[in-house]
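The values are calculated or read from the model by the stated rules, or taken from the named source; none is laboratory data. From a predicted model like this one, the values you see are computed outputs, not experimental measurements. Please note: Cβ atoms are built from the backbone with ideal geometry, for glycine as well, and neighbour counts cover all protein chains shown. Accessible surface is based on the protein model in full, side chains and every heavy atom, while ligands, DNA and RNA are left aside. Shrake-Rupley method; radii C 1.70, N 1.55, O 1.52, S 1.80 Å.
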Amino acid sequence: MSDEEHQFESKADAGASKTYPQQAGTIRKNGYIVIKNRPCKVPHVNRTDYQLIDISEDGFVSLLTDNGNTKDDLKLPTDDSLLTQIKDGFAEGKDLVVSVMSAMGEEQINALKD
């Protein structure tokens, strides 16, 4: 028998991934996703609908809350198609309802309903 010990250095990867593909709609809150090879926790997101009352000249909107107060701290969205729909609908005098998404202390208008 030989007194030599053989040592093997394993530099090969078995090809197993630490992540698996999943559709964005199936990710649950407080789960994790990978963006640019970094894990990110999925925040809790709330959606609230408000009636649009007014649009100011500086780009802020006035929204009517469920309890009858106004919410005046949101700006118009930066998405061109949504922005055009809101401005055109408001100019035509339509009753518009906007959906506001809020997560991690930030709010943004992301949808419009007639």
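For the range 72-85, name all the residues that are of a type outside the set (D, E, K, R) and either closer than 17 Å to Thr48 by Cβ or touching a residue at least 24 places away in the same chain (Cβ under 8 Å) (or both).
Residues satisfying the conditions are Leu74, Leu76, Pro77, Leu82, Gln85.
Of the residues in the range 20-35, how many are in a loop (DSSP other than H, G, I, E, B) and open to solvent by 70 Å² or more (accessible area, probe 1.4 Å)?
Keep residues of the range 20-35 that are in a loop (DSSP other than H, G, I, E, B), which gives 20-23, 27-31.
Subset that is open to solvent by 70 Å² or more (accessible area, probe 1.4 Å): 20-23, 28-30.
Total satisfying the criteria: 7.
From the residues in the range 64-114 that are within 17 Å of the chain's Cα centre (by Cα) and hydroxyl-bearing (Ser, Thr, Tyr), which one is least open to solvent (accessible area, probe 1.4 Å)?
By that ranking, first place goes to Ser99.
Considering each residue of the range 55-71, count those that are in contact (Cβ under 8 Å) with a residue 12 or more places away in the chain, outside any loop (DSSP other than H, G, I, E, B) and touching a Lys or Arg at 6+ places or on another chain (Cβ under 9 Å), and give that number.
5
Out of the residues in the range 36-54 that are of a type in the set (A, V, I, L, M, F, W, C) and in a strand (DSSP E or B), state the one that is surrounded by the most Cβ atoms within 10 Å (Cβ to Cβ).
Let us first name the residues in the range 36-54 that are of a type in the set (A, V, I, L, M, F, W, C), namely 40, 42, 45, 52-53.
Add one more test, that the residue is in a strand (DSSP E or B), and what stays is 40, 52-53.
Numbers: Cys40: 11, Leu52: 19, Ile53: 14.
This residue is Leu52.
Is there a residue in the range 41-49 that is aliphatic (A, V, I, L, M) and under 21 Å from Ala24 (Cβ atoms)?
Yes: the range 41-49 contains one or more residues that are aliphatic (A, V, I, L, M) and under 21 Å from Ala24 (Cβ atoms).
For the condition of a type in the set (Lys, Arg), in contact with a His (Cβ under 7 Å, 6 or more places away or on another chain) and either at pLDDT 80 or above or closer than 23 Å to Val100 by Cβ (or both), what is the one hit in Lys71, Lys36, Lys29? Write out each step before concluding.
Working: Lys71 fails: in contact with a His (Cβ under 7 Å, 6 or more places away or on another chain); Lys36 fails: in contact with a His (Cβ under 7 Å, 6 or more places away or on another chain).
Within the list Lys71, Lys36, Lys29, the selection yields Lys29.
Looking at Asp88, Asp95, can you tell me which residue is free of Cβ contacts under 8 Å to residues at least 24 places away in the same chain and either part of a loop (DSSP other than H, G, I, E, B) or charged (D, E, K, R) (or both)? Spell out the reasoning first.
Values: Asp95 fails: free of Cβ contacts under 8 Å to residues at least 24 places away in the same chain.
When all the criteria are applied, what remains is Asp88.
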